[in-house]
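Trainee: Handing you this structure, nothing more for now.
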Amino acid sequence: MKSLRARLFLLLISATIAVWSAAAIWTYFSTRADVQRVLDRRLVEAAGMVASLVKDSNGAISRPTPAQIASSNQQAEYARQLSCQIWTLDWRLVGRSASAPTVPLAAQGPGFSERSIQGQRWRVYTLIEPTQGLRILVGDNLSVRRNLVSDVLAGLLLPAVVGLIALGILIWSAIGRALIPIHRVAGELSTRQPGDAAPLRTASADIELRPLVDAINELFVRLEMLRANERHFIASAAHELQTPLAGLKAHAHIALTAADSETRERSLRSIQSSVDRTSRLVHQLLDLSREEAEADSFPGEWAGLARAAEAVADEFAPLLERKSINLHIDPSMEGLEFQIDEAGLILCLRNLVGNAIEHAPDGSTIEVRIEETASCVDVVVADEGPGIPSKELAGIKQRFVRGSRARGPGSGLGLSIVELVLERAGAELELLNRPQSGLSAIMRFPPSAVRLNRALRSS
Amino acid sequence: MRVLVVEDDDILRAAVETGLGMSGFTVDAVETVDDARAAFHAWDYDAAVLDIALPDGSGLELLDGWRKEGSTVPVLMLTARNATRDRIHGLDCGADDYLGKPFDLDELAARLRAIARRGQGRALPTLHWGELALDPAARRVTLAGKPVSLPRREFAVLEALMEQPEHVRSRAQLEERLYGWQEEVGSNAVEVHIHNLRSKLGRDSIATVRGEGYRMGRP
């Protein structure tokens, strides 16, 4: 499991270790250089001191006692490691300190040099005293110098390690404290009732958390709206189902109790058509909820209008024949494609043509045609029925609303479904009473959602 | 009893019309608020059944209009909006009873009889006059304890007269009770029913008030 706390801790602690290590390496090198310089200077001073002692004795002390040399650095911890040799210019050993080897510490002329003697590495300063004819060699054992540097470093490293552990503990608990607001939000969310859509307490949220809290609150608002819609929809659907159910129940009662067979038969037939109507209502409710669920998805596909219109005409063929209605599909729509899913386009046409057939008088004509203007492309379904009273036009598209001239087994959902499908495609539904008589149901598409597919036209 | 039924669903309207007819009601069934208003002003009803959601308006507005005009006709709301607050609202708007869909036809008939009875200021479900007793629910008439078999329309005439036995009912009023507006009324239909009732219940059971109509005879 990924943990924010562990990740933050690892990041901080490894950054700290990296910085401290860099600092330690830097310290090591600079300390080594400093130690080198200081000790080199000591070698020079020690050599100078020996030379001046030799000179002051003015030859009387031809062999300065090693004690003299050693005593000058007696206090220093590393004094025993500081070795001194006094040679004549022709390499005759005049004197040496106790710790000094008997072989010359250095072979070269004046200045610094390094040399290995019996496995020990020495750093040596050679001073030539021409007046006395002496060669003064003062040397440091390099392993001592190394110990000095590592002692400094060890003295530095131990507190660093202890500090790092302390820092780790502090960082760990500090991160824990810093993450408390997140836990608070999480706690608030986890104890929340499913139905509770009240916003989280943003007042207590830190700046960094606020976008998260705001996003969650926004989600709550959207979910609440969705839920309210759904509640409303379910209530309306249940409500709409009550009426056909009441009809069914009442007719069943009549069929069971009526004395004369004619009444019984009429009731049974009513039961049959009531079941048809109820199943149509259920179908439309399903269409509507499906369309609602997809309301946010923009259709990327293109559907041929002529093909959809033909499909709908086929569906209604028996009904059209029974009412001897002529469904005229304008051939100019051949090849026109609309940016909408084909099922949706067929659903729209089915509802609009179905409505038209419902209201069209026997023997009349229903037209499906295209009307193009600069700003839009209209797909018009026009009938010769009674139209819709103008005061009802505004509300007729609402769910479960049926006009006062409604006939047949409608649910009052068809236009809502059409509107939902069209909305998704960026189109809209307009209803207009025709000048003489009848209704034009117009699906108004933006020109960008319409294209001409020549391949379709030629076929 | 003549009842106005306002319901926009064809199938349910037909069912209520048939079902209440079978229970002995004379039913006028209409689909819209406009038709209901017209019918209500043209005829006298003993009760009305109203749906709320109608194509051209609300049944509650219709009811409100009637109550403001001073009508006391008992009204039963018959609607799918059956939440408690809908029922409270309906009753407070002046409805006398409330029945949610789907419903039982017998219950609807019983509730209509009850609110009509209360509307007439009666508490007893059966009607009595002298030795004559009429049970509107069971559609049974007894004379001195012995059952008398009456066809539907004769029963309706007797019921109309017994509701207010000392009031005179005109021939037109009785015709209204007997026939829905779509039914053909025979020119002397009421006279024929009265004649038949007298022959079954006794000559003096129903009195003729010359030039006015009929009422129950002195017991």
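The values are calculated or read from the model by the stated rules, or taken from the named source; none is laboratory data. Model, not experiment: these values are computed from the prediction. Neighbour counts run over all protein chains shown; Cβ positions are idealised from the backbone, glycine included.
Trainee: Going by the structure shown, is A:I234 under 21 Å from B:E7 (Cβ atoms) and among the β-branched types (V, I, T)?
Mentor: The answer is no for A:I234.
Trainee: With the checklist (1) modelled with pLDDT of 90 or more; (2) more than 22 Å from B:V3 (Cα to Cα) in hand, flag the one item B:L158 doesn't pass.
Mentor: Checking B:L158 against (1) modelled with pLDDT of 90 or more; (2) more than 22 Å from B:V3 (Cα to Cα), the one that fails is (2).
Trainee: Continuing with the same structure: I'd like the full set of residues that are under 20 Å from A:V421 (Cα atoms) and of a type in the set (G, A, S), limited to the stretch A:301-333.
Mentor: A:A303, A:G304, A:A306, A:A308, A:A309, A:A311, A:A313
Trainee: Please pick out the residue among A:P199, A:P244, A:P159 that is out of contact with any helix residue (DSSP H, G or I) (no Cβ under 6 Å at 6 or more places or on another chain) and of a type outside the set (D, E).
Mentor: When all the criteria are applied, what remains is A:P159.
Trainee: Quick one: which residue in B:A47, B:A53, B:A15 is under 30 Å from A:S390 (Cβ atoms), of a type in the set (A, V, I, L, M) and touching a residue at least 24 places away in the same chain (Cβ under 8 Å)?
Mentor: B:A53
Trainee: When the residues of the stretch B:47-59 are filtered to those that are surrounded by 21 or more Cβ atoms within 10 Å (Cβ to Cβ) and either more than 19 Å from A:Q242 (Cα to Cα) or of a type in the set (A, V, I, L, M) (or both), which remaining residue is nearest to the other protein chains (Cβ to nearest Cβ)?
Mentor: B:L54
Trainee: Right, here's the next one. If I filter the stretch A:240-255 down to residues being surrounded by fewer than 19 Cβ atoms within 10 Å (Cβ to Cβ) and touching a residue at least 24 places away in the same chain (Cβ under 8 Å), which single residue comes out as nearest to the other protein chains (Cβ to nearest Cβ)?
Mentor: A:L245
Trainee: Only one of A:A237, A:A258 is in contact (Cβ under 8 Å) with a residue 40 or more places away in the chain and either within 14 Å of chain B (Cβ to nearest Cβ) or surrounded by fewer than 16 Cβ atoms within 10 Å (Cβ to Cβ) (or both). Can you tell me which?
Mentor: From the options A:A237, A:A258, the qualifying one is A:A237.
Trainee: While we're here: Condition first: more than 16 Å from B:E7 (Cα to Cα), within 13 Å of another protein chain (Cβ to nearest Cβ) and buried (at least 17 other Cβ atoms within 10 Å of the Cβ). Now tell me which residues in the stretch B:74-108 satisfy that.
Mentor: Matches in the stretch B:74-108: B:D86 only.
Trainee: Given the criteria of a type outside the set (V, I, T), within 14 Å of chain A (Cβ to nearest Cβ) and surrounded by fewer than 19 Cβ atoms within 10 Å (Cβ to Cβ), does B:D44 qualify?
Mentor: Considered against the rule, which asks whether it is of a type outside the set (V, I, T), within 14 Å of chain A (Cβ to nearest Cβ) and surrounded by fewer than 19 Cβ atoms within 10 Å (Cβ to Cβ), B:D44 comes out as no.
Trainee: With respect to A:I180, determine if the residue is touching a residue at least 24 places away in the same chain (Cβ under 8 Å), out of contact with any Pro (no Cβ under 7 Å at 6 or more places or on another chain) and more than 14 Å from chain B (Cβ to nearest Cβ).
Mentor: It is false that A:I180 is touching a residue at least 24 places away in the same chain (Cβ under 8 Å), out of contact with any Pro (no Cβ under 7 Å at 6 or more places or on another chain) and more than 14 Å from chain B (Cβ to nearest Cβ).
Trainee: Would you check if B:A38 is hydrophobic (A, V, I, L, M, F, W, C), modelled with pLDDT under 90 and more than 19 Å from B:R113 (Cα to Cα)?
Mentor: No: the conditions fail for B:A38.
Trainee: Look at A:S416 and say whether it is assigned to a loop (DSSP other than H, G, I, E, B) and within 52 Å of the chain's Cα centre (by Cα).
Mentor: no
Residue by residue, here is whether (1) in contact with a His (Cβ under 7 Å, 6 or more places away or on another chain); (2) within 13 Å of chain A (Cβ to nearest Cβ); (3) under 19 Å from B:T72 (Cα atoms) holds:
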| residue | (1), (2), (3) |
| --- | --- |
| B:L4 | no, no, yes |
| B:L12 | no, yes, no |
| B:V16 | no, yes, no |
| B:S23 | no, yes, no |
| B:D28 | no, no, yes |
| B:V33 | no, yes, yes |
| B:A36 | no, yes, yes |
| B:F40 | no, no, yes |
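Trainee: If we scan the stretch B:120-141, do we find a residue that is basic (K, R) and more than 30 Å from B:L12 (Cα to Cα)?
Mentor: Scanning the stretch B:120-141, I find at least one residue that is basic (K, R) and more than 30 Å from B:L12 (Cα to Cα), so the answer is yes.
Trainee: On to the next question. Can you tell me how many residues in the stretch B:95-132 are touching a residue at least 60 places away in the same chain (Cβ under 8 Å), of a type in the set (D, E, K, R) and over 21 Å from A:I254 (Cα atoms)?
Mentor: Qualifying residue count, the stretch B:95-132: 1.
Trainee: Could you list all residues from the stretch A:182-211 that are among the hydrophobic types (A, V, I, L, M, F, W, C), surrounded by 14 or more Cβ atoms within 10 Å (Cβ to Cβ) and part of a helix (DSSP H, G or I)?
Mentor: A:I182, A:V185
Trainee: Consider A:K2 carefully, then state whether it is modelled with pLDDT under 85, basic (K, R) and assigned to a loop (DSSP other than H, G, I, E, B).
Mentor: Spelling it out, A:K2 is indeed modelled with pLDDT under 85, basic (K, R) and assigned to a loop (DSSP other than H, G, I, E, B).
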